[in-house]
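Worksheet for the structure shown next.
The values are calculated or read from the model by the stated rules, or taken from the named source; none is laboratory data. Just so we're clear, the structure is a prediction, and the values are computed from it rather than from any experiment. Heads up, the Cβs are rebuilt from the backbone with ideal geometry, glycines too, and the neighbour counts pull from every protein chain shown. Note: areas computed on protein heavy atoms with side chains; ligands, DNA, RNA excluded. Shrake-Rupley method; radii C 1.70, N 1.55, O 1.52, S 1.80 Å.
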Amino acid sequence: QVQLVESGGGLVQPGGSLRLSCVASGRTWRLTTMAWFRQGPGKQRELVADITVNGATNYADSVKGRFTISRDDAKNTVSLQMNSLKPEDTAVYYCNARSIGGVTDWGKGTLVTVSS
């Protein structure tokens, strides 16, 4: 349905901040909920945060109060502001989008490494 491209990953020190962005293209008029997932070393992919078409947000307990998800439908983007980063946040972060009809699309991921 849509193509997703993430950007903004990199190396940061514990306590630092990073902002991830995801740009959607294709049938963007069909987008509903968008989300960020992550997969750390030796771990399964997990939901980090999601945001509905009307702006309602949901966060994993592990990032609540530190991360903020937002979307700009005019630009077809979803962002994840990450503050107070911890080594446990190290993972490949994936953009996810659900479209009308239940179709789900994924980006290729961007690596976030939190280390001194």
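Remarks
- Of the listed requirements (1) over 18 Å from C22 (Cβ atoms); (2) hydroxyl-bearing (S, T, Y); (3) open to solvent by less than 60 Å² (accessible area, probe 1.4 Å), S116 misses just one: (3).
- The sole residue among S62, S25, S70, S21 that is among the hydroxyl-bearing types (S, T, Y) and part of a loop (DSSP other than H, G, I, E, B) is S62.
- The condition of being outside any strand (DSSP E or B) and in contact (Cβ under 8 Å) with a residue 12 or more places away in the chain holds for L85.
Here is a yes/no grid of residues against (1) at pLDDT 95 or above; (2) in contact with a Pro (Cβ under 8 Å, 6 or more places away or on another chain); (3) not acidic (D, E):
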residue	(1), (2), (3)
E6	yes, no, no
C22	yes, no, yes
T28	no, no, yes
L31	no, no, yes
F37	yes, no, yes
K64	yes, no, yes
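- For the stretch 2-19, the count of residues that are touching a helix residue (DSSP H, G or I) at 6+ places or on another chain (Cβ under 8 Å) and open to solvent by 30 Å² or more (accessible area, probe 1.4 Å) is at least one.
- Within the stretch 78-109, the set of residues being open to solvent by 30 Å² or more (accessible area, probe 1.4 Å), over 24 Å from Q13 (Cβ atoms) and at pLDDT 95 or above comprises R98, T104, W106, K108.
- Residue check for R71: under 15 Å from the mean Cα position of the chain (by Cα) and either surrounded by 14 or more Cβ atoms within 10 Å (Cβ to Cβ) or on the phi > 0 side of the Ramachandran plot (or both): yes
- A Cβ distance below 9 Å, combined with a sequence gap of six or more or placement on separate chains, defines the contacts here; from the stretch 42-62, residues that are under 17 Å from Y94 (Cα atoms) and open to solvent by 50 Å² or more (accessible area, probe 1.4 Å) reach residues that are in a loop (DSSP other than H, G, I, E, B) and of a type in the set (A, V, I, L, M, F, W, C) in the pairs E46/A60; L47/A60.
- Residue count for the stretch 30-56, restricted to those that are part of a strand (DSSP E or B) and either touching a Ser or Thr at 6+ places or on another chain (Cβ under 8 Å) or aliphatic (A, V, I, L, M) (or both): 10.
- Qualifying residue in the stretch 16-38 (condition: under 12 Å from the mean Cα position of the chain (by Cα) and at positive phi): no
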